[in-house]
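The values are calculated or read from the model by the stated rules, or taken from the named source; none is laboratory data. Nothing here was measured: the structure is a model prediction, and the numbers come from that model. No Cβ is skipped: glycine too gets one built from the backbone with ideal geometry, and neighbour counts run over all protein chains shown.
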Amino acid sequence: MQTCAHCGVIVESAENCPLCGNPLRRDPGAGHQVAAPPESGSTTAGANPSSFDRVESTDPPPEQTVRNAKWWLFEMTTLAAFTVAIVLFAADFAFGFAVTWSVYPLMSIGFVWLAVTCAIALARSRVLLIACETATVAGFLLAISAFSGGTDWFFGLALPITVLLGVVTAAETVIVATLRIARLVVAGTVVLSTGVFVVGLELIISAYLELPAPVSWSLVALACTISIFFFTMFINKRLRDHHAEFRRVFHI
């Protein structure tokens, strides 16, 4: 019989301790083998990878964790929307056995559910997310116009404004993601995009109302946004060129 002096395990016959992995050497005076001192740089018990099975991590990979979180959020959103929709439908149908006032709340619940679902599914693709949200808003407005008795205002006003907002937002997102500009310049580009949207908004309204002048007040708003954009560009350049000097002066 052999006794490992390092961990105390009794070994019948072996060259290495099966628990700690340290080699056993025979002590002539004691008549049995004892554990040899661990070599410099070696680890303690369990350090020999050939003696033990490697313990695999049971944690799911990050991608699987994200998918599980998205699926859980989708399930909770669907359950909440379905529960509220059933309650509204039952409350409306119980009085008169017809669906009347609950149509608009039900459409609103469907719109919110679709918007959240798009955000969950397309969170990593901002352009596709903006396109999906734009289509969702357009569909919601179309449903409202259809149930309200006319679709003229939707095709002449609501749909163009929705598409314009989606296009401007997508363009701003692509510019920021492609150029990787500073945060101060990002704020300036957002303001400039707002000015462009305002001009397009007035053009759509003027066309819908058949006004003689297509643009007027929106040009003033666009001029203000352009001024703010160049101001942010100037400030960003100054901060970048004199960063060390400003830190010294203002003790930051």
Note on Val191: of the conditions (1) in contact with a Phe, Trp or Tyr (Cβ under 8 Å, 6 or more places away or on another chain); (2) in a loop (DSSP other than H, G, I, E, B), unmet is (2)
Within region 164-192, of all residues that are small (Gly, Ala, Ser) and more than 24 Å from Val137 (Cβ to Cβ), the one surrounded by the most Cβ atoms within 10 Å (Cβ to Cβ) is Gly188
Quick count over region 120-136, residues being without any contact (Cβ under 8 Å) to a residue 12 or more places away in the chain, surrounded by 16 or more Cβ atoms within 10 Å (Cβ to Cβ) and over 17 Å from Ala177 (Cβ atoms), is 0
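Hey, could you check region 6-18 for residues that are surrounded by fewer than 18 Cβ atoms within 10 Å (Cβ to Cβ) and not acidic (Asp, Glu) and say which is modelled with the highest pLDDT?
The initial filter retains those residues of region 6-18 that are surrounded by fewer than 18 Cβ atoms within 10 Å (Cβ to Cβ), namely 7-10, 12-16, 18.
Still in the running and not acidic (Asp, Glu): 7-10, 13-14, 16, 18.
On the way: Cys7: 75, Gly8: 73, Val9: 71, Ile10: 74, Ser13: 71, Ala14: 72, Asn16: 79, Pro18: 76.
Across region 6-18, the extreme among qualifying residues is Asn16.
Return yes or no: is Thr117 part of a loop (DSSP other than H, G, I, E, B) and either surrounded by fewer than 11 Cβ atoms within 10 Å (Cβ to Cβ) or in contact with a Ser or Thr (Cβ under 9 Å, 6 or more places away or on another chain) (or both)?
On the way: part of a loop (DSSP other than H, G, I, E, B): no; either surrounded by fewer than 11 Cβ atoms within 10 Å (Cβ to Cβ) or in contact with a Ser or Thr (Cβ under 9 Å, 6 or more places away or on another chain) (or both): yes.
In short, no.
I'd like to know if region 85-98 contains one or more residues that are over 16 Å from Ser145 (Cα atoms), touching a helix residue (DSSP H, G or I) at 6+ places or on another chain (Cβ under 9 Å) and surrounded by fewer than 11 Cβ atoms within 10 Å (Cβ to Cβ). Walk me through how you get there before you give the answer.
The initial filter retains those residues of region 85-98 that are over 16 Å from Ser145 (Cα atoms), namely 85-98.
Next cut, touching a helix residue (DSSP H, G or I) at 6+ places or on another chain (Cβ under 9 Å) only: 85, 88-89, 92, 98.
Cutting the leftovers down to surrounded by fewer than 11 Cβ atoms within 10 Å (Cβ to Cβ) gives us 98.
Yes, some residue in region 85-98 is over 16 Å from Ser145 (Cα atoms), touching a helix residue (DSSP H, G or I) at 6+ places or on another chain (Cβ under 9 Å) and surrounded by fewer than 11 Cβ atoms within 10 Å (Cβ to Cβ).
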Considering residues that are among the charged types (D, E, K, R), modelled with pLDDT under 90 and assigned to a helix (DSSP H, G or I), the number found within region 144-185 is 2
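Scan region 229-237 and tell me whether some residue there is among the basic types (Lys, Arg), surrounded by 12 or more Cβ atoms within 10 Å (Cβ to Cβ) and without any contact (Cβ under 8 Å) to a residue 60 or more places away in the chain.
Taking region 229-237 and keeping what is among the basic types (Lys, Arg), we get 237.
Restricting the remaining residues to those that are surrounded by 12 or more Cβ atoms within 10 Å (Cβ to Cβ) gives 237.
Subsequent filtering for residues that are without any contact (Cβ under 8 Å) to a residue 60 or more places away in the chain retains 237.
Yes - at least one qualifying residue is present in region 229-237.
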Within region 193-218, of all residues that are loosely packed, with under 13 Cβ neighbours inside 10 Å and of a type outside the set (A, V, I, L, M, F, W, C), the one nearest to Thr151 (Cα to Cα) is Glu210
